[in-house]
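For reference, the structure discussed in these notes is given below.
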Amino acid sequence: MPGHEKRDDAGQRGIGTDGGAEELDGHELVVGEASQVLAKLEPGFDAVFLDADKEPLSGYFQETMRLLEVGGLLLVDNAFIHGRVADPADKEPDVEGVRALNRLAATDERLVSAVVPVRDGLTVGVKVRD
């Protein structure tokens, strides 16, 4: 992801890849802009961990639900965005994006979800229907 090259490089070194799409014991690591990567992937995922730009999260949520199999696990980082979601006066686009994602995860009938209060909050959901 642009602006995150140092973190991406460290992650790739940690699992022994050089970026792009790599095969790892039957698993594929895909690095890139979420808006571009998600749209290109084919459905059939057992799990998706979403840690991306916060403002467009609701769009990423829709793409993620398209990709997940029924029974698949959705994990989304930063559900609390450093406690800012609890401040109704905070209308910054990144906070509004997290709020929108949290509302979608809580109300989408295809998903059973909860926010786990660890670190900065983790939205955890299981896709129960298409």
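Laboratory data are not the source of any read-out in this text; all were calculated from the coordinates shown. Keep in mind it's a predicted model, so treat the numbers as computed, not measured. Cβ atoms come from the backbone with ideal geometry, glycine included; neighbour counts cover every protein chain shown.
Taking 7 Å along the Cα-to-C-beta vector as the label spot, tell me the D51-V37 distance in nanometres, rounded to one decimal.
The modelled label-to-label distance comes out at 1.1 nm.
What is the packing order of peptides 80-93, 112-125, taking the mean over residues of other C-beta atoms within 10 Å and listing the highest first?
112-125, 80-93
Show me, for segment 102-119, the HN-Hα J-couplings you get by feeding each phi into the Karplus relation (A = 6.51, B = -1.76, C = 1.60, θ = phi - 60°), rounded to Hz, glycine and proline as x.
4, 5, 4, 4, 7, 10, 6, 5, 7, 10, 10, 9, 7, 9, 8, x, 10, 6
What are the ³J(HN,Hα) values, in whole Hz, obtained from phi via the Karplus relation 6.51 cos²θ - 1.76 cosθ + 1.60 with θ = phi - 60°, for each residue of segment 57-68 in sequence order, with x given for Gly and Pro?
Once rounded to whole Hz, the list reads 4, 5, x, 5, 4, 4, 5, 5, 5, 5, 7, 6.
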